[in-house]
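Novice: This is the structure I have questions about; it appears just below.
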Amino acid sequence: MSPFVGEAGAFVVGAILTIPALGAAVLALLPDDRTSGRINVLATFLTFGCALALLVERPSPGAFLIVDDLNIVFIVLSTFVGFTTSVFSGSYIAHELETGRLTPAYLRFYHAMYQMLMFGMNLALLSNNVGLMWVAVELATLTTVLMVGIYRTPAALEAAWKYFLLGSVGIALALFGTILVYLAARSVVGEGLDAMAWSVLVEHAPDFDPALLNLSFVFLLLGYGTKVGLVPMHAWLPDAHAEGPTPISAVLSGLLLNVALFAVLRFKTIMSANPAALAPGPLMVSLGLLSVLFASFMLYRRSDIKRLFAYSSIEHMGIITFAFGMGGPLANFAGLLHMTLHSLTKSAIFFCVGHIAQVKGTQQMSEIRGLTVSHPVLGWGLALGVVAIAGLPPMGIFMSEFLIVTSTFAREPLLAVVLGLSLLVALGALLLRLNGLAFGDPHGSSAPSKASFLPVYAHLGLVFGAGIWLPPAIVAWFQHVATLLN
Amino acid sequence: MDQLALDVAHLFAGGLVLVSFMLLYQDRMSGLLNIFALHALVVSFSVAWQAYIQHAPHLYITAAIALVVKAVVIPLALHRIIVRLGIHRTIEPVVGIGLTMLAGIGLVALSIMVMLPITAEAGTLAREDLAFALSVILLGLLMMISRRNAVSQVIGFMSIENGLILAATGAKGMPLVVEISVAFSILIALIVIGIFLFRIRERFDSVDIHLLHEHRGEQP
C-alpha cells in the first residue's frame, strides 16, 4: 500500500495536513504580530476549505491515512471551529498585547503552536494507524500544555504542570492499550503495518483474541478517557481551561476533547465487531453517567466563570460518551448531533467569556454583573449561549438531549431518570449563574469591547438553526454514520 | 528462538521490575536519580537484546536513545537542577515505605495474574515481557502517587515510559516503535525543560494535590 492512493482526494488530504504544518513554520519565523494573526486566520480558513472538499471527493485508504464516513464529520467540525476560533483569537490576542499580558515573542510562539495544534488534531483524525494516531494525540496534548502555561503566572504554570502529568499518564495508558491491540491483531493479520491499520483491524476484528481485546479496551478507555475529561480522570480539565488563553479554552473544549473521544469510538468499533469480546457500552455508559452526575453538581460551587464552563464541558462529554455507550442507531445519532452542537455552542460561549474577562479584568463571577445592560451584544450572546448549553428549546442541544433521554427511557428507564435529573440540576446551576452575570445592575468596568462578534453569532445561529430545522442531507449523513458505529 | 535467548530477555525484563522496586524505597533525591539511571540502562540492554534476537536493527536506535538520553543526559540534568534548587534532601513519601513496597508486590502479582492467562496466544516472548512491563507501569504509577515532589513524579513517569518501551519491543514486529520512543523522548525533554525554564522552583515541593486547591478559585 502506498501512503495514499492517487487522485485529487489524496491531494486534499495532504493539504489538510501540510497547511497547518507550513503555517506553524511560517508563523514561528514571522516577527510581525499584525500579519501573523491574519496568516493564522488564512491558514485555518484554507484548511477548512480543504476539509469541505473532502465531502466531494475522498481518497481510498492508505497505510497511514484514511478518510471514512466517521472521521469526515470530525474533520469538518474541527477545521470549522478551528477557523472561527482563529478569527476570535485575532481580536482577543490584540487586546492581550495592548495590556501587556503577552509579549510579541510569546505571541509568535502562540500562533505557531496554534497551527501545530491544528496539525496534531487533523493528523489524529485522519490517521489510519493506531500508533500514528497515538503520536498525533500526544503532539496535540503537548502543544496545549505549552499554551496553557503561556501566561507564566504561578496558577497557569501549575495548571500546565497538572495537565501535563495527568495527560501524560493517560497517554501512557493509551499506548499500552495500543500495544495490546497490535498483539491481538498480530496473530491474525501478521506482523507489520497492517496489524496497526484501522481499515484492516475492523475487517479482521471478529477473529481477534477476545481476552486481549478486553484488556486493551480498559487501558484505552482509561487513557483516552483522561483526555476526554471523564470523571474520575477529569482533574486537569478545569485548571487547564481556566488558566490558559481563552481561544485555547475554546479549542480544548470544542475540539481536543472530541479528538480523544474519536479515538475511543474507533476502538469501540473494533470491540463491537468481535462478538466474544466484552461489550464496550456499559463501561462507557457508567463513566459517562458518572461524569454528568458529578459535573452537574459541581457547577453550583464555581466562582470562576471559565471554570464554570469547563465543568459544563465535563458534563457534556459525559452525555456524549453515555449516548455512544448506549449505542443503537438513535442514541448514536443523538450522540453525534450533541457532539457537533456542543462544540459549536461551547466555543461560542468561550468567545464571549474571553471578551467579558478582558473588559471586566476578572474571571470572578461575583464581580461580573448586568452584562446585558453594559455590553448588550456580548451579554446577550452569553445569555443565548448559556440557554443553548443548558439544553433549553428552541436551541439544537435541546433536541439532541431530548433524543438521548427518550431513547434511554425506552431501554434503561432507571439510567434515564438519573441522566434527566442531572441535566435538570445542571440547568438550574447555569441559569442561576446566568441571572447574576447577565442581568441586574452593571458592576465593574463598562469600557466598550473591541470584539469580533461574527464567530459568536455564526456558531449560535447554526445551533439555533439546528434546533428549528435540520437539513435532510445532514440527517441522512449522521444516520448513516450512526449505523456504522454499531 | 532458542531457550537461552528467551532466558536472557526475561532476565532483563525481570531485572527492570526489580529496579522499579529499588526506586520505590529511595529516600534521597540523588540516590533516586542514580537508580533511575540504572533503570534506563537495564531497559536499553533489554531493547538491544530484543533487537538482536528479533533481527530488528531499527530497535538499536531505541536502545541508543534510552542509553544516551535517559541513562545519561536526563539524570545529569536533573542532578544539576536539584543541586541548584537545593532540593537534594530527603524525599517525603505520602505513605510509609513499607506500605508502598507491599502495595508494589500486590501490583506485580496483579499484573502477572492478569497478563499470563490472556496472552497465551501471543507467544512466550511477549507473554512474560508483557507481564513484566505491566508491573513496571503499575509500579511507576504507584511511585507517582506516593511521592509529593515534582522530580520524583517525573522519575515515576519516566519509569512508566521504560515499561512501555519494554512492552512495545516485546511485541515482535511492532511498527513505529522507534517513532514512539522518539516522541516519548521529546515529551520527557519537555518535562525537564519545564522544570528548569518555567521555574516551578518556588512551588517545587508543592506540585501535589493539596496545595493546588489554592489556585482553583474556589475560596469565598
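Where a number appears in this text, it was derived from the coordinates with a stated rule and is not lab data. Quantities reported herein were computed from a predicted structural model and do not represent experimental measurements. When we count neighbours, we look across all protein chains shown, and the Cβ atoms used for this are built from the backbone with ideal geometry, even at glycine.
Novice: Measure off 7 Å from each Cα along the Cα-to-Cβ vector at A:Phe297 and A:Val475, then give the distance between these two points in nanometres to one decimal.
Specialist: For the pair A:Phe297/A:Val475, the computed spacing is 3.9 nm.
Novice: Please order B:Trp49, A:Trp161 by the number of other Cβ within 10 Å, starting at the fewest.
Specialist: B:Trp49, A:Trp161
Novice: When you count, for each residue, the other Cβ atoms within 10 Å and take the mean per peptide, how do A:464-471, A:180-187 rank with the highest first?
Specialist: Peptide ranking by packing, descending: A:180-187, A:464-471.
Novice: Sticking with this one: Roughly how crowded by other chains is peptide B:149-156, in terms of the mean Cβ count from those chains within 10 Å of each of its Cβ atoms?
Specialist: 1
Novice: Oh, and also: Give me a comma-separated list of calculated 3J(HN,Hα) values for the stretch A:357-369, in order, Karplus coefficients 6.51, -1.76, 1.60 applied at θ = phi - 60°, integers in Hz, x for any Gly or Pro.
Specialist: Taking θ as phi minus 60°, the curve returns 4, 5, 5, 7, x, 8, 10, 6, 5, 5, 9, 10, 8 Hz for the stretch A:357-369.
Novice: Give the relative contact order (percent, whole number) for chain A; include only Cα pairs under 8 Å separated by 6+ residues.
Specialist: 14
Novice: I would also like to ask the following. Just rank A:Cys352, A:Cys50, fewest to most, by other beta-carbon atoms within 10 angstrom.
Specialist: Lowest count first: A:Cys50, A:Cys352.
Novice: Using the count of nearby Cβ atoms within 10 Å as a rough guide to exposure, how do B:His55, B:His39, A:His204 rank from fewest to most?
Specialist: Ranking B:His55, B:His39, A:His204 by Cβ neighbours within 10 Å, fewest first, gives B:His55, A:His204, B:His39.
Novice: Another question, if that's okay. Sort B:65-72, B:127-134, A:406-413 by packing, meaning the average of other beta carbons within 10 Å per residue, with the highest value first.
Specialist: B:127-134, B:65-72, A:406-413
Novice: Same structure, new question: If you take each beta carbon of peptide B:182-192 and count the beta carbons of other chains within 10 angstrom, what is the mean?
Specialist: 4
Novice: Assuming a ≥ b ≥ c are the square roots of the Cα gyration tensor eigenvalues, decide whether the stretch A:350-485 counts as rounded (a/c under 1.5), prolate (otherwise, with a/b larger than b/c) or oblate.
Specialist: Because a/c hits 1.5 or more and a/b fails to exceed b/c, the stretch A:350-485 counts as oblate.
Novice: Once you compute Rg and the Kirkwood Rh from C-alpha atoms, what is the Rg to Rh ratio for the protein assembly as shown?
Specialist: The Rg/Rh ratio comes out at 0.96.
Novice: Pop out the ³J(HN,Hα) list for the stretch A:249-258 in order, Karplus 6.51 cos²θ - 1.76 cosθ + 1.60 with θ = phi - 60°, rounded to Hz; leave Gly and Pro as x.
Specialist: Values, residue by residue: 4, 5, 5, 4, 5, x, 10, 5, 4, 4 Hz.
Novice: Which pairs, out of A:Lys227/A:Lys306; A:Lys268/B:Lys172; A:Lys268/A:Lys306, put more than 20 Å between their alpha-carbon atoms?
Specialist: A:Lys268/B:Lys172; A:Lys268/A:Lys306
Novice: If packing is taken as the mean number of other Cβ atoms within 10 Å per residue, what is the order of A:190-199, A:322-331, highest first?
Specialist: A:322-331, A:190-199
Novice: What does the charge count around A:Leu221 come to, taking other residues whose C-beta lies under 15 Å from its C-beta (Lys +1, Arg +1, Asp -1, Glu -1)?
Specialist: Once all neighbours under 15 Å are counted, the net charge is +3.
Novice: Here's a follow-up. Separation between the B:Met113 and A:Asn435 pseudo-spin-labels, each 7 Å from Cα along Cα→Cβ, expressed in nm?
Specialist: Taking the simple label geometry, B:Met113 and A:Asn435 are separated by 5.3 nm.
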